[in-house]
Amino acid sequence: FPTHPMVRVHALRRFSSAVTRPDYLVLGAGSAGCVLTKRLSEDPTIRVTLLEYGKSDVGNWDSWKIQIPAALTYNLKNDKYNWDFWTVPQKHLNNRKLHQPRGKVLGGSSSLNAMVYIRGHALDYERWVKEGAPGWSYAECLPYFKRAQCHMDGENLYRGGSGPLAVSRGWYHNDLNDAFVQAGKDAGYPLTDDLNGFQQEGFGPMHMTVSPDGKRCSTSNAYLRPAMAQKNVNVLTNARVIRVLFEKGGAQPKAVGVEYEDSNGNIQKLFVEREVILSLGAFGSPQVLMLSGIGDQRHLHEHGIDVVHHSPQVGQNLQDHLDTYVQYLCRKPASIAPYANWGKPWYPISAGLQWFLQGKGVCASNHFEVGGFIRSRAGMQHPDIQFHFIPACVVGQLEVLPEHGYQVHCSPMRPLSVGHVKLQSANARDPLVIDPNYMSHPQDWEDLRNGLRLTMEIMGQPAFKDLQKERYSPAKTINVESDKELDEWIRESCHSAYHPSCTAAMGSVVDSAGAVIGVSNLRVVDASIMPSVISGNLNAATIMIAEKCSDAILSKNPLPPINAPYYVAENYQTCQR
C-alpha cells in the first residue's frame with residue numbers, strides 16, 4: 001500500500017455551540033455527509049457543522065463490531081448503530097416484510113455495509129446523462145472515483161492511489177474462491193482482473209474498503225475523523241433533524257437553517273450562512289424534504305404540512321437490488337464456517353486475537369473476495385447480473401451455517417420495478433412507509449429466473465467437482481427448471497441487497513449539482529439523487545457523488561474528464577456470453 005492518511009482514528013471531537021452560524025450545514029454523517037464535511041472544510045475559512053442522529057462507535061466496548069471487517073453482520077441484528085427499517089408487506093413476495101438496515105452511527109451505512117467496492121458500469125453513467133443529469137457521464141465521474149481512492153495496487157488510468165478511501169484486494173486465500181472464478185471461466189465467461197477497470201463483465205477478484213491495518217475503511221475513518229481535528233468543523237451527534245427552515249418573500253423560498261431535537265429531547269434551531277445540505281440517504285433525505293414542505297402537495301396536505309414547494313417526485317422512483325443466495329454444502333473443510341460459529345470456540349477466539357494484535361488473518365477480510373458480472377440474455381449491452389461469492393452459507397442474512405459450505409449471491413442489477421417512500425405522519429420520529437414494490441414488473445421475474453439458472457450452471461462446472469456435496473438452497477427437492485417452483489422459492493427466500501436509491505433524483509427533484517429545484521440554498525447529496533440505480537453496490541458511487549458535488553458547492557471547476565475506454569462484448573446483441 002502507499003502511505004495512507006487515515007490509519008490513525010481520532011477521538012470524537014465536539015465543539016462549542018458558539019459556532020451558531022456555520023457556512024454549511026450538513027445533515028447526516030453517512031457515506032456522503034462525511035465526504036462533504038471533509039472537502040468543504042479544507043478551506044480553513046469555511047465553517048462546517050455536521051448533524052447526525054447516531055453516535056460514534058469509537059471508544060465504545062463494541063466498536064470492534066464495526067471495525068473488524070469479518071464482523072459485518074453483527075450490527076444488523078439490533079438497532080444500536082442501525083435504523084433497522086422494514087418495508088411494508090410486499091404483495092409480489094407473499095406479503096413478506098423485507099429488512100432495510102441503514103447506518104445510525106458516524107459513517108452511516110459505510111460503517112455497516114459489506115465493504116464491497118464496486119463502481120457500477122460505465123454505461124450506467126452514460127444513461128444518467130440521458131435521464132436528465134448533464135455532467136455525470138463516465139468520463140466526468142471517473143476523476144472523482146480516482147480522487148477518493150487509495151488502491152493497494154497504486155494509481156493507473158482507472159484507479160486512484162492517494163485518496164482518503166483505502167481499497168484493497170482480498171488477502172485471505174481460500175480454495176473455494178479460486179474454484180468460483182475457474183467455474184466462471186469453465187462456463188464460457190471471460191476473466192477480468194479489475195471489476196472496476198476496463199472490463200466489468202466476467203469473473204475475478206472483488207475489491208473491499210479495508211485499510212492496510214485490517215480495519216473497515218468507513219467514510220467516518222477515511223474522511224470525517226481527519227476533518228474533526230480542524231477548528232472549523234463542528235460535529236453534533238444525537239441530533240434528530242425535524243425540518244429545514246425557510247425564509248419566504250424572495251423569488252424562491254430560501255433555506256436558512258434547521259430545526260432539530262437534541263440529545264435531551266429539546267427542540268433547537270440552527271441557522272446557516274450559505275447552504276443546508278441533506279445527506280440522509282434514500283430514506284432520510286426525502287423524509288426531511290417532505291417534513292419541510294417539499295413534496296407532492298396532496299400527500300403533504302394529508303399530514304397537515306404547509307407546502308413550501310410542490311415537487312411530486314420526492315420519495316418516488318425508489319429503486320433497490322434484490323438478492324438471492326444459491327448455496328451448496330462442501331465435501332471438504334474449506335469454508336470459514338468454524339470461525340463464524342462457537343461450536344469450536346478456539347477458532348473464533350484465535351482469529352479475533354490475531355486481528356486485535358496484528359490486524360491480520362481471517363477477521364481482516366469481508367470474505368467477498370471474488371465475484372462476477374454477466375449478462376442474463378442476448379441483447380443486454382452490459383451485465384445485468386452481479387455475483388458475490390462467499391466461502392460459507394448464511395442462514396437468513398445474519399447467521400452462518402455450522403456446516404462447511406459456500407454460496408453465491410445472484411442479484412439482478414437494473415430492475416424495472418420501482419417503488420416509493422411516504423410519510424406515516426408529520427412526526428419526524430415516526431418511520432417512513434417504505435414500499436420498494438419488488439418484482440412488480442414481469443421482466444424482473446424473467447431476468448431473475450434466467451440469472452438463477454445461469455448461476456446453478458456455473459456452480460455445476462468441473463471446478464467444483466471435488467468440493468460440492470449437494471445443493472442446500474434452493475433445496476434439491478425444488479425443480480429449478482419449473483417456473484412455478486422457482487418463483488415460489490424466490491418469493492420466500494429473496495432479500496434486499498440494501499441498495500435503496502433514486503428517491504430525490506437528478507432531473508426531477510434536484511438539478512445536476514444536487515440543488516433542490518424550486519427553492520434556494522438547499523441541496524441533496526447522497527444516493528437518493530441517482531436518476532437510476534447503478535449496476536453494482538452503491539457505496540463507491542455515493543462517495544463519488546459527494547466528491548463531485550463538493551466541487552460544485554464550492555463553485556470550483558470540475559476535474560478534467562478522463563476518456564478511458566470500457567468493454568462491451570462485440571456479440572452482445574446476439575449472444576448471452
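What to note about this one:
- Surface share of carbon and sulfur [accessible, 1.4 angstrom probe, percent] for the range 243-285: 38 percent
- Counting only heavy atoms of the protein chains and using a 1.4 Å probe, PHE271 has close to 70 Å² of accessible surface.
- The range 142-203 - percent relative contact order, Cα under 8 Å, separation 6 or more: 22 percent
- Both radii come from the Cα set of the range 38-97: Rg as radius of gyration, Rh as Kirkwood radius; their ratio Rg/Rh reads 1.18.
- Using only the C-alpha atoms, the convex hull of the range 174-258 corresponds to 255 Å³ per residue.
- Take every Cα pair under 8 Å whose residues are at least 6 apart in sequence, average their separation, divide by the length of the range 307-450, and the relative contact order is 29 percent.
- Here is the P(r) of the range 62-127: all C-alpha pair distances, binned every 10 Å from 0, give 19, 35, 30, 16, 0 in whole percents.
- Sites matching trypsin sites (Lys or Arg not before Pro) across the range 166-233 that sit in DSSP coil, with at most 13 neighbouring C-beta atoms within 10 Å: LYS231
- Here, P(r) means the percent of Cα pairs in each 10 Å bin from 0 to the largest distance; for the range 121-218 it is 15, 36, 34, 14, 1.
- Isotropic mean projected area of the C-alpha convex hull, the range 168-322 (nm²): 15.5 nm²
- Three-way shape call for the range 262-384 based on the alpha-carbon gyration tensor, with the a/c threshold at 1.5: oblate
- Rg/Rh, computed from the Cα trace of the range 438-493 with Rh as the Kirkwood radius, has the value 1.01.
- In order along the range 295-303, phi translates into HN-Hα couplings of x, 5, 4, 5, 5, 5, 5, 4, 10 Hz, rounded to whole numbers, per the Karplus curve 6.51 cos²θ - 1.76 cosθ + 1.60 with θ = phi - 60° and x for Gly and Pro.
- Loop-located trypsin sites (Lys or Arg not before Pro) in the range 337-444 whose Cβ has at most 11 other Cβ within 10 Å (DSSP): ARG429
- Given LYS91/LYS484; LYS91/LYS422; LYS215/LYS332; LYS146/LYS556, the pairs whose alpha carbons are separated by over 19 Å: LYS215/LYS332
- Ordering of 561-568, 491-498 by packing [mean C-beta count within 10 Å, highest first]: 491-498, 561-568
- Ligands, DNA and RNA excluded, the heavy atoms of LYS269 present near 120 Å² of accessible surface to a 1.4 Å solvent probe.
- Solvent exposure of the chain as accessible area per residue, Å², 1.4 Å probe: 37 Å²
- Relative contact order, percent, the chain [alpha-carbon distance under 8 Å, six or more residues apart]: 22 percent
- Take 451-461, 362-372, 316-326 and order them by the average number of nearby Cβ atoms within 10 Å per residue, most first; the result is 362-372, 316-326, 451-461.
- The residue list ALA475, SER425, PHE464 was ranked by how far each Cα lies along the charge dipole of the range 380-532 toward its positive end, using unit charges on Cβ atoms, and SER425 comes out on top.
- The range 384-527 - percent of accessible surface contributed by carbon and sulfur, probe 1.4 Å: 49 percent
- Ordering LEU112, VAL167, PRO226 by the projection of their Cα atoms onto the charge dipole of the range 108-238, which places +1 on the Cβ of Lys and Arg and -1 on the Cβ of Asp and Glu, puts PRO226 at the extreme positive end.
- Shape box of the range 381-462 [Cα atoms, principal axes, largest first, Å]: 58, 37, 18
- Taken over the C-alpha atoms, the range 440-577 has Rg and Dmax values of 21.3, 63 angstrom.
- Placing +1 on the Cβ of every Lys and Arg and -1 on the Cβ of every Asp and Glu, with no other charges, gives the chain a dipole of roughly 1180 debye about its Cα centre.
The values are calculated or read from the model by the stated rules, or taken from the named source; none is laboratory data. These numbers come from a predicted model, not from an experiment. With ideal geometry, Cβ positions are generated from the backbone for all residues, glycine too; neighbour counts draw on all protein chains shown. Accessible surface areas use protein heavy atoms only, side chains included; no ligands, DNA or RNA. Shrake-Rupley method; radii C 1.70, N 1.55, O 1.52, S 1.80 Å.
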